[in-house]
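Q: Before I ask anything, here is the structure I am working with.
Values quoted throughout were computed directly from the atomic coordinates according to the rules given, and no laboratory measurement underlies them. If you're wondering where the values come from, they're calculated on a predicted model, not measured in any experiment. For neighbour counting, all protein chains shown are included, and Cβ atoms are generated from backbone atoms with ideal geometry for every residue, glycine included.
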Amino acid sequence: MSTSLDTLVIVVFSAFILCMGMLFARTGRNIKSFFAGGEAVPWFIGGLSLFMSFFSAGTFVAWGSIAYKYGWVSVTIQWTMAFGALIAGLFIAPRWKRTGSLTAAAFIQQRLGSSVHKLYVYIFMAVSLFIKGAVLYPVARLISVSLGFPLMPATVVLGIMMIAYTAVGGLWAVMVTDILQFVVLTAAVLIILPLSLQKVGGFSAFTTQAPDAFFNVLNGEYTIGFVMAFALYHIFYIGGNWTFVQRYTSVDSARSAKKVALLFALLYLISPVIWMLPPMIYKVINPGLQGLDTENAYLRICQLVLPPGLMGLMLTGMYFSTSATANTTLNVVSAVFTNDVYKTAINPNASERQLMKVARLSSWFFGAFMIFIALIVPSIGGMVEVVLSIAAVTAGPLLAPPIWALYSKRLSGTAAFCISIVTLGLNIVCKLILPYTIAFKLSRAQEMVLGVGLPLLLLLLNEWYQRNRLAACTDYTRYIGEQREATKEAQSIDPQEAYAIKKQNHFGLQVIAFSLLFTALMLFGLSFIATTGRTLTAGIAVAILFAAIIPLLAARRSKQRLAQEAIRLHQPQNISTPVTTIVS
């Protein structure tokens with residue numbers, strides 16, 4: 001009964017998500033609206049989408065394992081992400097928006113030149129698909145183990161669903177999915193935490209029976225050196241990762257870009273506490289997990305306390321939290337390929353229709369490659385090793401120079417290219433060659449310091465060396481001239497196109513409101529059949545119902561503005577959609 005109901009919840013909610021993504025098939029008029037939401041995405045939607053794009057089922061598997069073994073230090077580690085987002089919001093995100101570039105790759109080409117651009121594009125595409133393909137593996141494994149489905153078919157089906165609404169709907173489809181599964185996952189976690197405390201006998205019993213040093217800020221191998229290195233890493237990662245830059249450039253202003261990153265920082269200050277307490281509680285309930293079994297701690301506590309149906313909701317939330325980060329990467333990689341490979345090198349005279357066709361086909365192609373990577377993860381060392389190793393090796397060399405170029409007038413394309421090649425090569429040697437030739441192996445903290453610290457040091461030395469030699473390099477002078485021309489072109493916006501973009505965003509708000517309404521009704525239904533936590537589940541359903549009012553009111557205000565603009569443009573005022581009828 002439990003498995004059947006959980007499976008039904010997963011199927012129904014997954015089908016609903018897929019349908020919501022398909023609704024955006026008719027809204028992607030051109031590349032700008034498909035990949036950047038017309039640069040008019042509301043900042044709070046961009047912030048929530050960035051938040052959901054950052055973590056996955058791996059968060060509950062990897063960090064949940066650390067929470068089970070070491071306790072509160074798992075929260076400390078994730079607070080470095082909040083710190084990184086705070087710095088990015090204050091200093092980096094607004095700069096990205098002011099560049100006027102659609103993607104980070106476009107800025108790199110304009111500012112640092114085609115050689116650096118090509119190097120970064122090809123490495124970024126390979127690394128991103130590899131990492132996000134690895135991230136798809138753990139959620140397929142969770143669903144396979146929990147519901148008894150074979151692992152390989154589960155991986156393929158979940159991957160195809162992920163690709164479908166990204167390839168069809170573009171950025172708005174990804175962000176609506178992000179918002180919806182943020183609500184679902186938050187609802188599930190808020191249900192798990194009080195039920196877990198009730199199972200252990202209350203908060204006092206939990207703290208009394210917890211192991212020594214379980215609530216220490218630092219514990220085990222996670223020292224102050226590791227935390228500081230991880231914090232530095234996240235400044236560059238959150239500030240410069242191309243998938244996150246897309247969230248900063250898809251809003252309407254530099255101030256909105258700043259708010260996107262700051263909302264992420266606020267959410268990551270609160271969420272890790274709620275996420276990590278359940279596996280910490282399970283340590284008290286069952287302290288016997290060893291080795292890789294500790295990665296199942298979060299799943300075990302869910303199975304122990306959640307009633308039928310809600311387990312399916314939790315697994316659905318885990319899947320869509322994973323698909324959110326994979327979808328964002330898929331959308332950005334497709335954008336990079338379409339804009340910076342196909343349009344630049346293959347077919348410079350491509351029409352908007354041709355570019356849209358390439359955008360959708362490339363999403364399917366790259367998505368299929370991600371599924372392939374997910375299938376081979378067990379044979380190449382597991383998700384945690386793959387993801388952290390690639391991040392330590394590539395993050396600094398690829399992310400630090402473009403962020404530096406946002407500020408520096410003296411960083412040339414040649415210098416950026418050399419710094420990236422030298423540091424990337426040294427990281428690869430230390431990670432893949434020295435351990436097997438002279439038995440020299442860096443610790444995780446040392447890998448992070450080398451990976452991020454060395455590029456930063458070389459950038460500082462280059463800036464100091466060039467300080468007395470030139471006021472601005474030729475690459476910067478050329479970039480400024482080109483940017484002035486681009487700004488003039490951007491100011492002459494077609495009124496019809498501006499109206500269509502606003503209409504797309506109005507439609508997105510309607511879909512979000514309707515999706516929240518559907519989620520609330522589903523939770524209400526589950527509260528009636530739940531064996532435990534009925535009142536709590538119903539209460540969260542009511543909260544989601546009230547939350548649906550926010551995008552609904554925003555959509556109604558948007559409708560009024562669209563009606564006024566339609567009069568000015570002499571357009572028909574038929575801006576209602578089937579979704580409007582449902583939620584109005």
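Q: Using modelled amide H (1.01 Å from N, peptide plane; none on Pro or chain starts), what sits under 5 Å from the amide H of G309, excluding residues fewer than 5 places away?
A: D6
Q: For L361 and I529, what is the calculated FRET efficiency with R₀ set at 45 Å and r taken between the beta-carbons, to the nearest 0.05? Present the calculation step by step, with values, prior to reporting the outcome.
A: Details: r = 43 Å, r/R0 = 0.96.
Once the sixth-power term is evaluated, E becomes 0.55.
Q: Would you please classify the overall shape of the range 41-93 from the alpha carbon gyration tensor, given that a ≥ b ≥ c denote the square roots of the eigenvalues, rounded means a/c under 1.5, and beyond that prolate means a/b larger than b/c while oblate covers the rest?
A: Because a/c hits 1.5 or more and a/b fails to exceed b/c, the range 41-93 counts as oblate.
Q: Taking the Cα-to-Cβ direction at I346 and at I549 and moving 7 Å from each Cα, how far apart do the two end points lie in nm?
A: Output for this residue pair reads 5.0 nm.
Q: Describe numerically, in nm with one decimal, the distance between label points set 7 Å from Cα along Cα→Cβ at L470 and at Y122.
A: The two pseudo-label positions are separated by 2.6 nm.
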